[in-house]
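Participant: Please see the structure below; I have some questions.
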Amino acid sequence: MSKKSNSLVFMLVMTLVNLLLLVVCFVVFGVIITLIMSKIPALQEAGGISMLFVLLWFGLSIGGSFLIYNKLVKWLIAKYDLENKLDPLFTPKKSRKKREEEV
C-alpha cells in the first residue's frame, strides 16, 4: 500500500473511532448529569437550570471525545511511527511542488 492509501485508511478508521468516542462520552456524561439532577430535587423544578445542564452535557460530550481522540491519534502516531508510513492528504500547492522535486 502507498502512503496515500495508508493515510486514507487511517483517517477512515479514526473517524469511526471518533464517532464511537462521541457516543460513549454522550452516554457517560448523560448518566452523570442525570444522577446529579436526580440527587438535587431543586434542579428538576427549575427549567432554565435543566437547559443549562443539557448544554453542559452536549459540550462535555463533544469536548471530551475531541480531547480523547487527539490524545489517541498522537499516541498511535508516536507508538507505531506512523509519520513515516502516512502521507498528508491535504497539502498546499507550494508544498506539493517541493515534495515532488525531492522524490
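Participant: Just from its helices, what would the mean residue ellipticity at 222 nm be for the chain, if runs of 4 or more DSSP H residues each count -39500 (n - 2.57) and the sum is divided by every residue, rounded to the nearest 500 deg cm²/dmol?
Facilitator: Details: 4 runs with 85 residues, N = 103.
Roughly -28500 deg cm²/dmol at 222 nm, from the helical runs in the chain.
Participant: Calculate the FRET efficiency for Leu35 and Lys71 from the Cβ-Cβ distance with a Förster distance of 22 Å, rounded to the nearest 0.05.
Facilitator: Working: r = 26 Å, r/R0 = 1.18.
Efficiency, rounded to the nearest 0.05: 0.25.
Participant: Would you please classify the overall shape of segment 21-61 from the alpha carbon gyration tensor, given that a ≥ b ≥ c denote the square roots of the eigenvalues, rounded means a/c under 1.5, and beyond that prolate means a/b larger than b/c while oblate covers the rest? Intermediate values should be presented prior to the final figure.
Facilitator: Details: a/c = 4.23, a/b = 1.78, b/c = 2.38.
In terms of gyration-tensor shape, oblate.
Participant: Still on this model: With the crude spin-label approximation of a point 7 Å out along Cα→Cβ, what separation in nm comes out for Val28 versus Ala78?
Facilitator: My value for the distance between the label points is 2.0 nm.
Participant: Students often get this wrong, so try it: which of (1) 7.0; (2) 8.6; (3) 9.2 is mean projected area of the Cα convex hull in nm² as calculated from the structure shown?
Facilitator: Among (1) 7.0; (2) 8.6; (3) 9.2, the one calculated here is (3).
Taken together, the values in this text are just the output of simple stated rules run on the coordinates, not laboratory data. Worth saying up front: this structure is predicted, and the values here are computed from it rather than measured. Glycine gets a Cβ as well: all are built from the backbone with ideal geometry, and neighbour counts include every protein chain shown.
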